[in-house]
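The values are calculated or read from the model by the stated rules, or taken from the named source; none is laboratory data. Bear in mind that the values here come from a model prediction, so they are computed numbers and not experimental data. Note that each Cβ is placed from the backbone with ideal geometry, even for glycine, and that neighbours are counted across all protein chains shown. For the accessible areas, the whole protein counts, side chains as well, though only heavy atoms, and no ligand, DNA or RNA atoms are used. Shrake-Rupley method; radii C 1.70, N 1.55, O 1.52, S 1.80 Å.
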Amino acid sequence: GKLQSPINIQRSKVRFNPDLEPLQLQGYGYRRDAFKMTNNGHSVVIHLPSSMKIIKGLPGKFTAIQLHLHWGGTEKENSGSEHTIDGLRYMAELHIVHYNSEAYPSLDAAKNKPDGLAVLAFLFVGSHFENAYYSDFIAKLAKIKYAGYSTTLDSLDIVAMLPENLSNFYRYHGSLTTPPCTENVIWTVFDTPIKLSYTQIDLLENTLLDWKNKTLRNDYRQIQPLNKRVIKASFSPRLFEGTLQGETINKIGSFQLVGQLKDPANLTVSGGFSFPRSPPAELASLPLPLGEHASYVTIVPLKPMQLKTFTLCFWVQNSNQGRQTVLFYSTPESENELVISVGMAVGVWIGGKFVQFDLHRRAEDWVHHCVTWVSSSGTINLWVNGAVGTARNIQKNYIVQSGGTPILGKRKNAMLDVFADAFSGWMSHVNLWSWLLDQNDIQELTLCKHSQQKGDVLAWGETHMSLFGGVSLGPDTSCR
């Protein structure tokens, strides 16, 4: 057939469709029950109750049947997802299979019909930290080591096992990836991956045996031709390319970078605007909705960005998907001179070297971050809501160089003049000091005692900034 799955999703050729609405899931939350978990010799399968349904977002209502995984594991092929994105194969892939229960009374009646099936697909990436929502599932694998064996999960919380962001997805018409490979599946492949620890992935790849008592690995089907199919997306994954003019703002208190105006109550100005010398205290946050417009902010530092030591603190309220740039600073000699990103982890670039702090955060609430670094020792620390994590080391005896322009909200490739790693959410109280704040100072900032605590290099509300793209104001709720 010409509608086979899986496929490679080439983001540059995806067609954005604003009519694709998020799926409304029913019965996917926590439930205590006996869930049968089986090694069928090809994968691990969890049988799902008929109370789990997709009630909105697809052509009809669909009832869940089972979920299963695909993974790699051999030396030649460590990754094992079925779908690939821009040619990249992820560590593993989760499928939740449904049938069209609005049109057909049972799976048997629906499985051969053109509109009979729907599968939700989620990709996995590796992490240094355990995903607690998968702990019981991974632990039970040893009980079904042999093909044909089954065990029982006492409870299941599918929502917790999925990524927080279910709004960004790809949609296409395809087939089952196992025999009989019928071409009657509505595929929804989610863009935000699920994180498992490398230990969890190792257990997934090495615990189960197939019918020949060989380790069950590489249980995925190869990529199939797209042919003339069009992949639709609920979001625009392509980067915005082009140049926008900005206007300088002095004594700024708050602003918003938007892709499109959704709330007419918000003040929106295309290009730029300026505040009086004393902006209202309640307007002190920077919301950056996700969009394809090149909306960002450039900053004129209060002093040269030549740093042997620094403390960078900021409040953000954002989705924990992907990599989202808070501060991007480059020089003619170094593209990643000082870069801070958030999302599923906090990433820090200093002088072209990178270090990452993994996070476990699901709630999209305001979170306070501070990053501290000392050149003489190379010690770097991440503080989240006043608590410090394990110290790392990066760029001992290095000096961050001056000569560049700091940017908030996006990473910019100066050579190509394109933008990437866009921040999506709210940002407030971004301050940069050329010295090390102590524990008491950082905890005071976390407790919102920050009215007098402003950076000497970047000072929120005082630093000169230039706006590019649409701009609107938003209230600061970070300390409420």
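What the table shows:
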{"item": "Against the rule of thumb 2.2 N^0.38 Å, how large the Cα Rg of the stretch 99-153 comes out", "result": "1.68"}
{"item": "Sites Trp435 and His128, calculated FRET efficiency, Cβ-Cβ separation with R0 35 Å, nearest 0.05", "result": "0.70"}
{"item": "Calculated FRET efficiency for the pair Thr405/Lys61, C-beta based, R₀ 35 Å, to 0.05", "result": "0.10"}
{"item": "Pairwise label distance in nanometres, Ala139 with Asn206, each label 7 Å out on the Cα-Cβ vector", "result": "2.0 nm"}
{"item": "Separation of alpha-carbon centers, the stretch 94-110 and the stretch 330-396, rounded to whole Å", "result": "46 Å"}
{"item": "With all protein chains modelled, accessible area of His429 [1.4 Å, Å²]", "result": "30 Å²"}
{"item": "Burial order of peptide ranges 8-14, 43-49 (average beta-carbon count within 10 Å, highest first)", "result": "43-49, 8-14"}
{"item": "Stokes-Einstein D in µm²/s, Kirkwood radius over Cα pairs - the stretch 77-194 at 10 °C with 1.306 mPa s viscosity", "result": "98 µm²/s"}
{"item": "Among Val230, Thr188, Ser155 - extreme Cα towards positive end, dipole of the stretch 123-244, charges at beta-carbon", "result": "Val230"}
{"item": "Above-threshold pairs, the threshold being 27 Å between Cα atoms, out of Lys56/Lys410; Lys111/Lys140; Lys13/Lys53; Lys113/Lys145; Lys143/Lys214", "result": "Lys56/Lys410; Lys111/Lys140; Lys13/Lys53; Lys113/Lys145"}
{"item": "Distance in nm between pseudo-label sites at Cys448 and Ser155 (7 Å out along the Cβ direction from Cα)", "result": "3.3 nm"}
